[in-house]
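Each remark here refers to the structure printed beneath this line.
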Amino acid sequence: MLPKTHNLLLLALSLGVATLATLGIFTLNEHLSKARERISATNDKIMLAIFSIIAGTALWLNHLLLAYATYSQFKPTLAPIMLIIGWFFAIATCLVVLDTTSKPHLSLKRFASGAPLISLLVLGMFFADWRANMEFSQFGFKRAELLLAYLVSTIVIIGNLLTFFWMKNYHGNYRKTIKTVLAIICGLSIIAIHIAYNQAIYTINSTITANAYNGIFSHKVAAIIITLLLVCLFTFVFTVVLVYERHQLRRQQTEPTIIETAENLDALTSLPSRKAFETHLDGAAKRCQRSSKTIAIAYIDLDHFKPVNDQLGHHVGDTVLTLVAQRLNTAIRSCDYAARIGGDEFVVLFENIVTEDDITPIVQRIVTSIKEPFHANGHHIHISCSVGIAIYPHDGDTSGLMVRADTAMYKAKESGKNQFKFFDEEIERASSQMRDMQTDLLAALSENQLKLMFLPKVYCRTFSPAGAEAIVCWQHPEQGLLMPEQFLPAAERFGLINQINHWALEECCKVLAKVSERQTPLQLSMNLSAVQFRRPDLINDILQTFHSYQLRTDIMIFEIKEINSIQNKTQLHQQFEQFRKAHIKISLDDFGSQSFSLDSLQSLNVDEVKLDKSFISQVEHDKTARSLVDAVIRLSHALNLNVVACGVENDMQSNLLKEMGCDQMQGYLLSRPLTQEGLLSMFGQLHSKYESTGQFQPSDYRTEAA
């Protein structure tokens, strides 16, 4: 319960004023943070000083109001010198707060030195105002209570510093609500500091003070005057900000770039369209040529956005895109220009920059804001973004700037996503290689340079042939035979993977049809890329191809790499269920190479797991690896799944897998990849030899593969 000396009405009024003042400081801090990224050091100091005076005045007036509300001995008097000193302490307090929290990074050194310094400045403000308003009383300090009050003040200031720093970069949903709640909490913390310091002082000759006091103001009159001053201050600040924003808007509207008509705006997000962006880019390049500064483009692509559309529907995806556009506009500066150029791709044009460091904090703010969860149509959605940055004219003219920024964005995706990359020489070399790869791949498809190679699979117990894995290879005219890992990633990037996978399916069916005519039993497996696996018409395409060659659906196994299945488990389950209904077999490839829980196997409608070769290579010497392989085999068999060991290279590995009950194996112990003719010849000779000897041997395969 509050002491009787507290004026509850004034206390409630001061809480409201403190909350408004905190909201104002949030706004000033955000504007200062953005302005620092585009103005000179001199203007930066001027703006910091102006904002500190505004915030310091509000803090000082609110402090006086709180003092009248929380301490009965605090009498309004006229002691201008001490009042001015207290006002300067308040300004210095806000100067340190704004300078600390408006920086792009809150270093531990700055944070550790800033909080105690601010607490000392607050104590100085209290002392000056005590001297000014307790002029006719002597007062002293209770040392223990004063130390406690200082500690309370420091702790509260630490919390407020973190709040101010975090709030300026927060652009998630419910931003206004969170801002208001935090402002109320900060207001309550200010009251807590006042109460703590008031408990640390005591007055001497208070009776004389009460009789001697002849102040011209009462508590109520002083509170009314202070409140009116604060209202005037808030009105002044609001007016200045409003005029500034309108000036900026009028200035943008008079820029000779493009009129933002309906056709120049994206219908969904209301951001400028690609056409509007290109026109604005041309104008910015011309302005850049007339100044010593430069411009930059940030190409932004959302990570993991496609599953949002696939699983939750396009209406949810559209809501997320609208929220992304809002966060972009909040994260960038008033002089920057954001646009949506299609799908889940956005671009931002930065003007008035000198070095990369000028835009680094802005781009980091964009990445951080998109990483915050989205709340759309009742769903809690997590996505991120990858950003590529190119600078004009260093990275080329305006026609090539978008291409280079896009290339840098792909590099950011390859490096793990949720980050940004500047275009550089290394990316330029990689980009040149990728462009050459694209040209060569198109030629490979048109000139039939792709070919299937086959890696035999055998049963572990009998070494009898179980089938083969079809591997897409590229007979490059200059580089020779290229394995899939050397070119399929590029094919995915350039949108050629579906065409290549369909070609591989056709070729496999041709081989199976030929084998069927010879009445030689053979089962083939082929890998599906993540892009191919997400296709909604995949099952129909496979069934139609099988039907055209009059093949059974169980004659092939389709492999999906485990790492691709983890990213979208809902879609994975749905697609696996469709495979099961169509009686098409599916295998989890590279099982064990990622952190995929074994118990998840029970919920998947798969027929086979292929143990990653990294496990098999360790079973000879590592007991842990051997135990893991044994556990996977046992669990898989309990779930009626076939187990294939990949990368078997010697007899010891083969014998251990046989002892553990592994079903099938493949690897260089048996054979290296074979051509179609080599595979069919090998299987024919194997069956002929079996008829005469009654058994299969690993050497039979090695002989044929030599």
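Tabulated results
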| quantity | calculated |
| --- | --- |
| Residue-span extension gain [R274 to Q523] - 0.36 nm each, minus C-alpha spacing | 84.6 nm |
| Segment T322-L162, length gained on full extension (0.36 nm per residue, minus Cα span) | 54.7 nm |
| Charge context of H583, other residues only, Cβ under 11 angstrom, K/R +1, D/E -1 | +2 |
| Net lengthening on full extension, R672/E506 (0.36 nm per residue, minus Cα-Cα) | 57.5 nm |
| D (Stokes-Einstein, µm²/s), Kirkwood Cα radius, the stretch 647-706, 0.890 mPa s at 25 °C | 198 |
| Cβ-based net charge around P373, under 13 Å, with every Lys or Arg adding one and every Asp or Glu removing one | +2 |
| Mean separation of Cα contacts under 8 Å (6+ apart) over length of the stretch 436-705, as relative contact order % | 19 |
| Flagged links, alpha-carbon separation over 30 Å, of K306/K581; K179/K293; K510/K689; K109/K421 | K179/K293 |
| Where labels lie 7 Å past Cα in the beta-carbon direction, separation of E485 and I178 in nm | 4.1 |
| Interchain or long-range residues, amide H under 5 Å from L674's placed H | F454, L455 |
| Efficiency of FRET between S415 and E577 - r from beta-carbon atoms, R0 35 angstrom, step 0.05 | 0.55 |
| Average Cα contact separation per residue, the stretch 394-491, under 8 Å, 6 or more apart, as relative contact order % | 17 |
| Relative contact order [Cα under 8 Å, 6+ residues apart], the stretch 266-423, whole percent | 28 |
| Cα pair count fraction exceeding 20 Å, expressed as % - the stretch 266-423 | 46 |
| Least to most buried among R274, R404, R634 (fewest other Cβ within 10 Å first) | R634, R274, R404 |
| Shape category assigned to the stretch 436-705 from the gyration tensor of Cα positions, a/c cut at 1.5 | rounded |
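All of the numbers you see were taken from the coordinates with simple rules; none came from a lab. These figures come from a predicted structure and were not determined experimentally. So basically every Cβ, Gly included, is an ideal-geometry build from the backbone, and we count neighbours across all protein chains shown.
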